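**Q** Below is the structure I would like to discuss, written out as structure tokens.
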């Protein structure tokens, strides 16, 4: 079943020396495309982080002149929160976790020389880059960037007279639609490559979990995004061509958009969650020197999660005017989905049992993911319970909850992955000491930002309000807002440590051997960094990826490609 | 039953409707249920990290986790999670049914209209009947009589808004083109915030209002002051029944 023909994507590029432009900008090499996605995603992350800094400053000190920005007007505030959310999910989490790690790892971990469709891969990045450009332009058009929340609920998003950002709204929706197109192309590539280009001998159950996770995430994405792309086109038509799909005054229905959006929006959570769960699985097995506990169970729980994730969307709409009887169904499905996710967490924790755990930087990030994501998970139960959501909906409790899921997923997941695969990607080791300083300087302030926000949510504080001192009952909590903002400033400050470590290690880090962590998966058998085509001779696989500490063997690891 | 559980929200926002205590109790129930799991997982997690830290000469064990005897460590907890989930679902559905699905007969009805960026509240006037010429329309002020079962008719003139009254633990989106009916019974007098909980444009952050819950005498005086007429009392027979358990 795993018979493979060496893929031949880079014939047209050949192995001769290429110019810089051809090599780095128009490359079809999966590793270069991964880097393009990653650096574009990180650039967008800087913008999203800057936006968070500006609006948190406004919330803590309403009306002040925010350094590097100035006084924040109400519509600027709305545009900042809107684009912070959209950027962090669509232009950071997706490109970095799914596209960058997916592109980099899938061929290397499967033991093939490139993606099945290298030119489609290149096109995918180019369309993604176009979506970035469209989004960035939208900030500078008359009226400013879109300011109707990343969920784009019409009629606010569809009618310029309501949003006062007619151009910004259109460009925003267009950018989102382009981004989806890019990831559709990427997803097709991931799935096809994993199904067809595995190294000889690699059976389905020998595929590393992270590859499985990225493939399943791509399938979820492809299966859920269709309705939203259709919805985005309908919204563009409503905005510009005078249709009335979402305009109640002319027979449309604004709630329809919410269904289209969340039918995609909830699987999307798992689209970004799964790659990180995979990254964490790779890291904890290596640094606990343990076989992954119940590999197949993990796969089955992921399948279950994937299927269930299509049936929970309306828990975002309990109080949005849906038929109240529908809420019962979505409460049941929502709480059910906690079971496979809880099981996955249990499996990861069980993997640690009997291990020999080294707490270096990648392992700290991976373990922090588990500890922090548990908070995100359990707080979701409050919101999935329909009766409780009547109060919690759209409060800061929701905000804190999803930051306890998305921050571990996106930020912790990225730092875990980059600190683990950096030696492979760039051929040099990162500084572990600086890595640990950065770790604690990120994790501690992170909790100090969002735990206070849970309390504010319980106190009835709603989202997307630019100055809470206008509300007599909420004004008293100003010190809590100042605490959260201060913690954010500390956290952002510590990111400089990472940036320094990253650049300094690139230039003069210790040279990395092929397999610095003594890991089993195939990418560690290629050179660091792997050349175009990855291996001179493609590897053959003899066993699963997690054969650590096998009794009776001298070394505590057993690479997948080592003959028995 | 839920309302007998201690409230963790009451200290932050008072509970001022009949179902507010149920929602607070539900919060406590969920907090305890998931709290047990959360604390247990974290304690075991950190204990394992400490217990199995790397030590010279102690190799890791080889455990595939594929045998029943090993998998039970996952299976039993996960069945137990299922039991907790069922308890939470039952409680949540009951509260939801009470607040959003069942619609008890009203004694009074108010109209709530959201628009960019203010709330208009139309109160029944001295005749105590809505949609008559003596109605009292106020911007950003909702006046209610305590212990009276109200229906609200929620409308929007332009975009989505959300009528949120934290002291009632109540929230409902307003949708242009629809009239959404719901209910509440205020249980204590006082003055608190009403917020718009759905982003609605530039002025969303300013779309706050105040709720004034008054004794019958205060409320009658307010109607008198607004209209110059003294109101007819709300029919005693229509007072809300003690809620069935």
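**Q** From B:32, B:87, B:13, B:95, which residue is in contact (Cβ under 8 Å) with a residue 40 or more places away in the chain and more than 16 Å from the chain's Cα centre (by Cα)? Before you say what the answer is, go through the steps one by one.
**A** Details: B:32 fails: in contact (Cβ under 8 Å) with a residue 40 or more places away in the chain; B:13 fails: more than 16 Å from the chain's Cα centre (by Cα); B:95 fails: more than 16 Å from the chain's Cα centre (by Cα).
So the residue among B:32, B:87, B:13, B:95 that is in contact (Cβ under 8 Å) with a residue 40 or more places away in the chain and more than 16 Å from the chain's Cα centre (by Cα) is B:87.
**Q** Among the listed residues A:537, A:510, A:523, which satisfies the condition of being more than 14 Å from chain B (Cβ to nearest Cβ) and free of Cβ contacts under 8 Å to residues at least 24 places away in the same chain? Write out each step before concluding.
**A** On the way: A:510 fails: free of Cβ contacts under 8 Å to residues at least 24 places away in the same chain; A:523 fails: free of Cβ contacts under 8 Å to residues at least 24 places away in the same chain.
Checking each option against the conditions leaves just A:537.
**Q** Filter the range B:90-120 down to residues that are more than 9 Å from every other protein chain (Cβ to nearest Cβ) and touching a helix residue (DSSP H, G or I) at 6+ places or on another chain (Cβ under 6 Å) and give me whichever is nearest to residue A:298 (Cα to Cα).
**A** Step by step, filter the range B:90-120, then rank; the result is B:117.
**Q** Could you check how many residues of the range B:191-233 are closer than 19 Å to residue A:395 by Cα, assigned to a loop (DSSP other than H, G, I, E, B) and more than 8 Å from every other protein chain (Cβ to nearest Cβ)?
**A** 1
**Q** Quick one: is residue A:497 over 24 Å from residue A:43 (Cα atoms), in a helix (DSSP H, G or I), in contact with a helix residue (DSSP H, G or I) (Cβ under 6 Å, 6 or more places away or on another chain) and in contact (Cβ under 8 Å) with a residue 60 or more places away in the chain? Walk me through it before giving the result.
**A** Details: over 24 Å from residue A:43 (Cα atoms): no; in a helix (DSSP H, G or I): yes; in contact with a helix residue (DSSP H, G or I) (Cβ under 6 Å, 6 or more places away or on another chain): yes; in contact (Cβ under 8 Å) with a residue 60 or more places away in the chain: yes.
So residue A:497 fails the test.
**Q** Has the range B:10-24 got at least one residue that is within 18 Å of residue A:384 (Cβ to Cβ) and either more than 9 Å from every other protein chain (Cβ to nearest Cβ) or outside any helix (DSSP H, G or I) (or both)?
**A** no
**Q** Test each condition in (1) in contact with a helix residue (DSSP H, G or I) (Cβ under 6 Å, 6 or more places away or on another chain); (2) surrounded by 24 or more Cβ atoms within 10 Å (Cβ to Cβ) for residue A:127 and report the one that comes out false.
**A** The number of the failed condition is (2).
**Q** Among the candidates A:406, A:397, A:373, A:382, which residue alone is surrounded by fewer than 24 Cβ atoms within 10 Å (Cβ to Cβ) and either modelled with pLDDT of 95 or more or within 8 Å of chain B (Cβ to nearest Cβ) (or both)?
**A** Numbers: A:397 fails: surrounded by fewer than 24 Cβ atoms within 10 Å (Cβ to Cβ); A:373 fails: surrounded by fewer than 24 Cβ atoms within 10 Å (Cβ to Cβ); A:382 fails: surrounded by fewer than 24 Cβ atoms within 10 Å (Cβ to Cβ).
One residue alone meets the criteria, A:406.
**Q** Then there is this: Test residue A:194 against the stated conditions and say whether it is in contact (Cβ under 8 Å) with a residue 40 or more places away in the chain and in contact with a helix residue (DSSP H, G or I) (Cβ under 9 Å, 6 or more places away or on another chain). Before the answer, list the steps.
**A** Values: in contact (Cβ under 8 Å) with a residue 40 or more places away in the chain: yes; in contact with a helix residue (DSSP H, G or I) (Cβ under 9 Å, 6 or more places away or on another chain): yes.
Spelling it out, residue A:194 is indeed in contact (Cβ under 8 Å) with a residue 40 or more places away in the chain and in contact with a helix residue (DSSP H, G or I) (Cβ under 9 Å, 6 or more places away or on another chain).
**Q** Which residue is surrounded by the fewest Cβ atoms within 10 Å (Cβ to Cβ), if the candidates are limited to the range A:130-156 and must be touching a residue at least 40 places away in the same chain (Cβ under 8 Å) and within 9 Å of chain B (Cβ to nearest Cβ)?
**A** Once the filter is applied, the top-ranked residue is A:151.
**Q** So which of B:83, B:87 ends up being touching a helix residue (DSSP H, G or I) at 6+ places or on another chain (Cβ under 8 Å), more than 7 Å from chain A (Cβ to nearest Cβ) and surrounded by fewer than 18 Cβ atoms within 10 Å (Cβ to Cβ)?
**A** On the way: B:83 fails: touching a helix residue (DSSP H, G or I) at 6+ places or on another chain (Cβ under 8 Å).
Answer to the selection: B:87.
**Q** All but one of (1) touching a helix residue (DSSP H, G or I) at 6+ places or on another chain (Cβ under 8 Å); (2) surrounded by fewer than 23 Cβ atoms within 10 Å (Cβ to Cβ) hold for residue A:221; which doesn't?
**A** Only one criterion in (1) touching a helix residue (DSSP H, G or I) at 6+ places or on another chain (Cβ under 8 Å); (2) surrounded by fewer than 23 Cβ atoms within 10 Å (Cβ to Cβ) is unmet by residue A:221, namely (2).
**Q** Find the residue count for the range A:319-336, including only residues that are out of contact with any strand residue (DSSP E or B) (no Cβ under 7 Å at 6 or more places or on another chain), buried (at least 22 other Cβ atoms within 10 Å of the Cβ) and facing another protein chain (nearest Cβ under 8 Å).
**A** The number of residues fulfilling the criteria is 3.
**Q** Okay, moving on. Only one of these conditions is not met by residue B:32: (1) more than 8 Å from chain A (Cβ to nearest Cβ); (2) crowded, with 18+ Cβ neighbours inside 10 Å. Which number is it?
**A** Looking at each condition in turn, residue B:32 falls short on (2).
**Q** Which members of the range B:188-199 meet the condition of being surrounded by fewer than 19 Cβ atoms within 10 Å (Cβ to Cβ) and either over 19 Å from residue B:215 (Cα atoms) or in contact (Cβ under 8 Å) with a residue 40 or more places away in the chain (or both)?
**A** Let us first name the residues in the range B:188-199 that are surrounded by fewer than 19 Cβ atoms within 10 Å (Cβ to Cβ), namely B:188-191.
Across the range B:188-199, the qualifying residues are B:188, B:189, B:190.
**Q** Among A:349, A:339, which is the only one that is under 17 Å from residue A:298 (Cα atoms), crowded, with 23+ Cβ neighbours inside 10 Å and facing another protein chain (nearest Cβ under 7 Å)? Show your work before the answer.
**A** Values: A:339 fails: crowded, with 23+ Cβ neighbours inside 10 Å.
Checking each option against the conditions leaves just A:349.
**Q** Could I ask something else about it? For residue B:6, only one of the following conditions fails: (1) free of Cβ contacts under 8 Å to residues at least 12 places away in the same chain; (2) in a loop (DSSP other than H, G, I, E, B); (3) more than 9 Å from chain A (Cβ to nearest Cβ). What is its number?
**A** Evaluating residue B:6 over (1) free of Cβ contacts under 8 Å to residues at least 12 places away in the same chain; (2) in a loop (DSSP other than H, G, I, E, B); (3) more than 9 Å from chain A (Cβ to nearest Cβ) leaves (1) as the failure.
**Q** If you go through the range A:468-479, how many residues are surrounded by fewer than 17 Cβ atoms within 10 Å (Cβ to Cβ) and in contact with a helix residue (DSSP H, G or I) (Cβ under 8 Å, 6 or more places away or on another chain)?
**A** 4
The values are calculated or read from the model by the stated rules, or taken from the named source; none is laboratory data. Computed from a prediction, not measured in an experiment: that's the story for all the values here. Here the Cβ is made from the backbone with ideal geometry for all residues, glycine too, and neighbour counts use every protein chain on show.
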